[in-house]
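Undergrad: Before we start, here is the structure in question, set down as structure tokens.
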Amino acid sequence: MKLTICELSYLNELISSCVNTITCLSLFRNQVKDEELKNILNEQFPIHVEDYNLKVEFVKNVDTATGKLNVPQLNTNIFTDDVCETKPAEPITVNTNVQILNDREIALSYFLTLKRAGKEYAIASMETMNPKLRQFLKDAYTMSCNHSFEIYEWMTKHNYYPIVIAEGNQTGEIAKIYNTI
């Protein structure tokens, strides 16, 4: 099955995105100080390389591309009572003369990259006719989603990203609007 022009266009954009992610992760892994964050980046890096290589395979050999991405399982340790009672996120000051990134800057940059990539994978998968490519893009979305959750967990644990829990009355006000069918 040949690629449509839409599929080819999405793949081109997603491959460029992978180049950016891999390049940034290479820099981040060399600058990160926190061992836990370093381990997360080191575990996720080869999956991004695999993702990149599979996309290149689709562009070069669409008929024979396997397109099966090794999707990591979701680690759901974050939403414990302890995390929900964290103090507000530490204020951030934008550094306009960066020489070395700090761990917060690394995590935030990577987190935002994963969020943007996830959106692009979701949109591209919905506009893809090729069943193998569609499944691959759905798997890549899940990969981005699961990776971003680990980074989100790390940032929240270090009070670098806010978690604000909705109060019971806020939830109740929204819940009053809707009735089951």
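The values are calculated or read from the model by the stated rules, or taken from the named source; none is laboratory data. Nothing here was measured: the structure is a model prediction, and the numbers come from that model. Glycine also receives a Cβ, built like all others from the backbone with ideal geometry; neighbour counts cover every protein chain displayed.
Undergrad: So, of the residues in the stretch 1-56 that are modelled with pLDDT under 95 and basic (Lys, Arg), which turns out to be surrounded by the fewest Cβ atoms within 10 Å (Cβ to Cβ)?
TA: Lys2
Undergrad: For residues that are over 13 Å from the mean Cα position of the chain (by Cα), part of a helix (DSSP H, G or I) and among the hydroxyl-bearing types (Ser, Thr, Tyr), scanning just the stretch 1-58, find the one that is nearest to Asn159 (Cα to Cα).
TA: The qualifying residue nearest to Asn159 (Cα to Cα) is Ser26.
Undergrad: Right, next: Applying the selection to the stretch 60-74, what residues are more than 21 Å from Arg116 (Cβ to Cβ) and not charged (D, E, K, R)?
TA: Going through the stretch 60-74, the residues more than 21 Å from Arg116 (Cβ to Cβ) turn out to be 60-68, 70, 73.
Within the stretch 60-74, Asn61, Val62, Thr64, Ala65, Thr66, Gly67, Asn70, Gln73 meet the criteria.
Undergrad: If a residue has to be on the phi > 0 side of the Ramachandran plot and loosely packed, with under 12 Cβ neighbours inside 10 Å to count, how many in the stretch 136-181 make the cut?
TA: Of the residues in that region, 0 qualify.
Undergrad: I want to confirm something. Restricting to the stretch 114-135 and keeping residues that are closer than 18 Å to Val19 by Cα and of a type in the set (D, E, K, R), which single residue is surrounded by the fewest Cβ atoms within 10 Å (Cβ to Cβ)?
TA: Within the stretch 114-135, the match that is surrounded by the fewest Cβ atoms within 10 Å (Cβ to Cβ) is Lys119.
Undergrad: Related question: Which condition breaks for Gln73 when tested against (1) surrounded by 14 or more Cβ atoms within 10 Å (Cβ to Cβ); (2) polar (S, T, N, Q); (3) within 15 Å of the chain's Cα centre (by Cα); (4) at pLDDT below 85?
TA: (1)
Listed here are the residues, each with its yes/no results for (1) of a type outside the set (Gly, Ala, Ser); (2) assigned to a helix (DSSP H, G or I); (3) over 25 Å from Pro46 (Cβ atoms).
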site: Val94; (1), (2), (3): yes, no, yes
site: Glu105; (1), (2), (3): yes, yes, no
site: Leu112; (1), (2), (3): yes, yes, no
site: Ser125; (1), (2), (3): no, yes, no
site: Met129; (1), (2), (3): yes, no, yes
site: Tyr141; (1), (2), (3): yes, yes, no
site: Trp154; (1), (2), (3): yes, yes, no
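Undergrad: In the stretch 1-36, which residues are farther than 19 Å from Ala117 by Cβ, of a type in the set (A, V, I, L, M, F, W, C) and in contact (Cβ under 8 Å) with a residue 12 or more places away in the chain? Working first, answer last.
TA: Here is the first cut: in the stretch 1-36, the residues farther than 19 Å from Ala117 by Cβ are 1-5, 30-36.
This time we only want the ones that are of a type in the set (A, V, I, L, M, F, W, C), so: 1, 3, 5, 32.
Once the filter is applied, which keeps residues that are farther than 19 Å from Ala117 by Cβ, of a type in the set (A, V, I, L, M, F, W, C) and in contact (Cβ under 8 Å) with a residue 12 or more places away in the chain, the stretch 1-36 yields Met1, Leu3, Val32.
Undergrad: Among all residue pairs at least 6 apart or on different chains, which show Cβ distances below 9 Å where the first residue, located in the stretch 157-181, is in contact (Cβ under 8 Å) with a residue 60 or more places away in the chain and in a loop (DSSP other than H, G, I, E, B) and the second is polar (S, T, N, Q) and surrounded by 10 or more Cβ atoms within 10 Å (Cβ to Cβ)?
TA: From residues that are in contact (Cβ under 8 Å) with a residue 60 or more places away in the chain and in a loop (DSSP other than H, G, I, E, B), the pairs are Asn159/Thr86; Pro162/Thr86; Pro162/Thr156; Ile163/Thr86; Ile163/Thr156.
Undergrad: Only one of these conditions is not met by Ser109: (1) within 14 Å of Cys24 (Cβ to Cβ); (2) modelled with pLDDT under 95. Which number is it?
TA: Result: Ser109 fails condition (2) only.
Undergrad: Residue pairs, Cβ under 8 Å, 6 or more apart or interchain, first in the stretch 136-152 and of a type in the set (S, T, N, Q), second at pLDDT below 95. List them.
TA: Pairs that qualify, where the first residue is of a type in the set (S, T, N, Q) and the partner is at pLDDT below 95, are Thr142/Val71; Asn146/Val71; Asn146/Pro72; Asn146/Gln73; Asn146/Leu74; Asn146/Asn75.
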